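Written below as structure tokens is the structure these notes are about.
The values are calculated or read from the model by the stated rules, or taken from the named source; none is laboratory data. Please read these numbers as outputs of a predicted model, since none were measured by experiment. Neighbour counts are summed over all protein chains in view; Cβ atoms, including those assigned to glycine, are modelled from backbone coordinates with ideal geometry.
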Amino acid sequence: MSEAMISKILADKKNLERVLDNLKIGIVAHDLNRHIFYFNKEAERITGYNRKEVLGKDCHNVFGEPFCGGQCSFSGDKPAFEDKKEYLNNIVTKNGESRRVEMSVTMIRDKNNRNFGVLASIVDVTEILNLSMKAHELTSFSGIIAKDSSMMKVFRQIRDVAGYDYPVHISGETGTGKELVASAIHNESHRNGAPFVPINCGALPESLIESELFGHVKGAFSGALRDKKGRFELADKGTIFLDEIADLSKPMQVKLLRFLQDGMFEKVGGENTVHVNVRVISATNKDLKKEVQQKKFRKDLFYRLNVIPIHLPPLRERRNDIPLLVDHFLKEAGEMHKNIPPKISREAVSLMMGYHWPGNVRELQNTVQFAIVNCSGDTIFPKDLPMELKNQSIFGPSRGASRKLNLENVKTALIKTGGNKAKAARILGVGRATLYRFLADRPDAAQR
């Protein structure tokens with residue numbers, strides 16, 4: 001078939017619609033005023049909306065908010081659009097279902113090369129993501145490195161809550177990555193183009209926390225030389241992350257409760273009421289229910305914040321992620337310093353797998369950085385790790401095992417096994433981590 005014949009066929013509106021309706025890609029097109037003029041069958045399937053419901057209407061009015069979330073270039077008075085944009089997005093369908101989509105948005109121009117509108121192609125990747133999570137094939141999600149089953153549950157929670165504006169409370173030990181999860185929820189939501197504003201409620205003195213959260217007006221107190229926006233105002237249309245929320249004083253808990261109820265506040269020293277559109281995510285390493293029982297935290301505020309609870313497991317409960325995280329931190333260091341990072345020996349990894357990690361992922365990252373600096377060659381060995389890893393195991397020092405190990409019997413076992421440390425550990429009746437710790441402290445034992 002000639003090119004001219006194909007052009008003639010596609011020039012027929014019905015033929016063109018038939019082609020577009022048979023694509024497995026959703027197609028949505030609107031003009032510069034956001035009025036939708038095309039919506040194919042796959043777009044109907046993905047969004048749950050019938051084309052009769054959307055054609056000729058403002059896409060913001062149809063979907064209740066920008067369909068493109070924070071990536072929308074048509075939210076202001078004047079479109080600020082690039083020629084082409086590609087990004088991942090989470091959308092909520094007409095039936096309230098959250099779906100993960102890949103979007104590609106391209107400018108449409110008329111025959112005089114004037115901007116006319118935009119065409120968005122949408123690929124639904126929800127099922128692919130679900131299957132990857134079930135099969136434990138994912139090793140990262142929205143910047144979080146993990147593959148353990150407990151973290152797959154967290155990934156699913158992030159994906160599920162991202163499409164809604166309900167408050168989320170994240171609990172977990174220090175260093176488990178609570179801010180990373182909060183940031184992931186923001187990035188996966190329709191607010192992802194707006195600010196993500198974190199604040200550590202426990203790091204600021206009581207005299208400053210109200211001004212930091214809600215801002216102040218000029219002359220409100222000594223040193224207030226100008227009006228200042230607080231974190232809530234800076235996070236307008238985005239997300240605020242209140243870390244260590246349990247450390248808020250009772251008066252500040254009352255002010256936060258009022259904001260959660262009506263979305264309004266007054267600046268310190270101000271008389272005017274400020275209204276902002278902010279999603280609130282909170283976190284703490286304390287048991288907030290116990291704080292309520294002990295009268296340290298308001299019960300009504302707890303229920304306002306804990307609408308969607310997410311708990312992060314400590315690293316000792318997701319040990320399968322340790323090699324993955326170590327590899328990630330090594331690559332990260334290489335990219336930061338623009339060099340080839342060292343490898344890590346199996347013995348060093350085994351020690352890491354046996355450690356209890358009270359500081360969790362943050363401590364693991366610090367350990368990798370320490371080992372990189374301490375390493376004299378191109379491979380990290382047990383001797384390069386911090387002393388606490390060499391001297392401790394998940395159960396603490398083992399008296400029974402230590403009596404079995406001495407320089408002579410370790411050397412003998414290594415000679416018998418040809419230097420195979422795993423086999424030597426079995427001969428000696430100790431765990432591999434115990435033998436590796438002994439060798440780290442007595443490197444002469446490995447010399448034959």
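Descriptive notes on the structure:
Rundown of residues vs (1) in contact with a strand residue (DSSP E or B) (Cβ under 8 Å, 6 or more places away or on another chain); (2) buried (at least 16 other Cβ atoms within 10 Å of the Cβ), yes/no style:
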{"residue": "ALA120", "(1), (2)": "yes, yes"}
{"residue": "VAL125", "(1), (2)": "yes, no"}
{"residue": "ILE128", "(1), (2)": "no, no"}
{"residue": "MET152", "(1), (2)": "no, yes"}
{"residue": "PHE155", "(1), (2)": "yes, yes"}
{"residue": "ALA184", "(1), (2)": "yes, yes"}
{"residue": "PRO205", "(1), (2)": "no, no"}
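- Only one of the numbered conditions (1) touching a Ser or Thr at 6+ places or on another chain (Cβ under 8 Å); (2) over 30 Å from ILE145 (Cα atoms); (3) of a type in the set (Lys, Arg) is violated by ARG318, and that is (2).
- Some residue of the range 334-352 being surrounded by 18 or more Cβ atoms within 10 Å (Cβ to Cβ), within 20 Å of THR176 (Cβ to Cβ), free of Cβ contacts under 8 Å to residues at least 40 places away in the same chain and not assigned by TED's automatic domain parsing to the domain that holds ASP287: yes
- Residue, nearest to the chain's Cα centre (by Cα), within the range 357-376, restricted to residues that are part of a loop (DSSP other than H, G, I, E, B), farther than 12 Å from ILE322 by Cβ and at pLDDT 90 or above: GLY359
- Residue check for LYS286: under 22 Å from THR174 (Cβ atoms), surrounded by fewer than 19 Cβ atoms within 10 Å (Cβ to Cβ), among the charged types (D, E, K, R) and free of Cβ contacts under 8 Å to residues at least 24 places away in the same chain: no
- Exactly one residue out of GLY172, GLY177, GLY163 is at pLDDT below 90, assigned by TED's automatic domain parsing to the domain that holds LEU248 and surrounded by 15 or more Cβ atoms within 10 Å (Cβ to Cβ): that is GLY163.
- Criterion: over 16 Å from LEU234 (Cβ atoms) and of a type in the set (Gly, Ala, Ser) - qualifying residue of ALA194, ALA184: ALA184
- Checking LEU234, LEU208, LEU204, LEU225 one by one, the residue that is closer than 30 Å to GLY163 by Cβ and free of Cβ contacts under 8 Å to residues at least 60 places away in the same chain is LEU234 and no other.
- Subset of the range 18-43 (residues that are surrounded by fewer than 20 Cβ atoms within 10 Å (Cβ to Cβ) and either without any contact (Cβ under 8 Å) to a residue 12 or more places away in the chain or part of a loop (DSSP other than H, G, I, E, B) (or both)): ARG18, VAL19, ASN22, LEU23, LYS24, ILE25, LEU32, ASN33
- Verdict on MET264 being farther than 24 Å from ILE158 by Cα, in the same structural domain as LYS147 (by TED's automatic domain parsing) and in contact with a His (Cβ under 6 Å, 6 or more places away or on another chain): yes
- PHE297, sole failed condition from (1) over 15 Å from GLU210 (Cα atoms); (2) part of a helix (DSSP H, G or I); (3) in the same structural domain as TYR166 (by TED's automatic domain parsing): (2)
- Qualifying residues in the range 56-66 (those that are under 34 Å from the mean Cα position of the chain (by Cα) and part of a loop (DSSP other than H, G, I, E, B)) - the one modelled with the lowest pLDDT: PRO66
- Test result for GLU266, among the charged types (D, E, K, R), over 27 Å from HIS311 (Cβ atoms) and in contact (Cβ under 8 Å) with a residue 40 or more places away in the chain: yes
- Checked against (1) in a strand (DSSP E or B); (2) in contact with a helix residue (DSSP H, G or I) (Cβ under 6 Å, 6 or more places away or on another chain); (3) not polar (S, T, N, Q), LEU242 passes all but a single condition, namely (2).
- In a residue-by-residue description of the range 157-167, the property of being in contact with a helix residue (DSSP H, G or I) (Cβ under 9 Å, 6 or more places away or on another chain) and of a type in the set (Asp, Glu) applies to no position.
- Any hit, the range 35-55, residues being at pLDDT below 85 and in contact with a Cys (Cβ under 8 Å, 6 or more places away or on another chain): no
- Residue list for the range 176-220, restricted to those being among the hydrophobic types (A, V, I, L, M, F, W, C) and not in a loop (DSSP other than H, G, I, E, B): LEU180, VAL181, ALA182, ALA184, ILE185, PHE196, VAL197, ILE199, LEU208, ILE209, LEU213, PHE214
- Screening GLU271 against (1) outside any loop (DSSP other than H, G, I, E, B); (2) among the acidic types (Asp, Glu); (3) modelled with pLDDT under 95 leaves a single unmet condition, (1).
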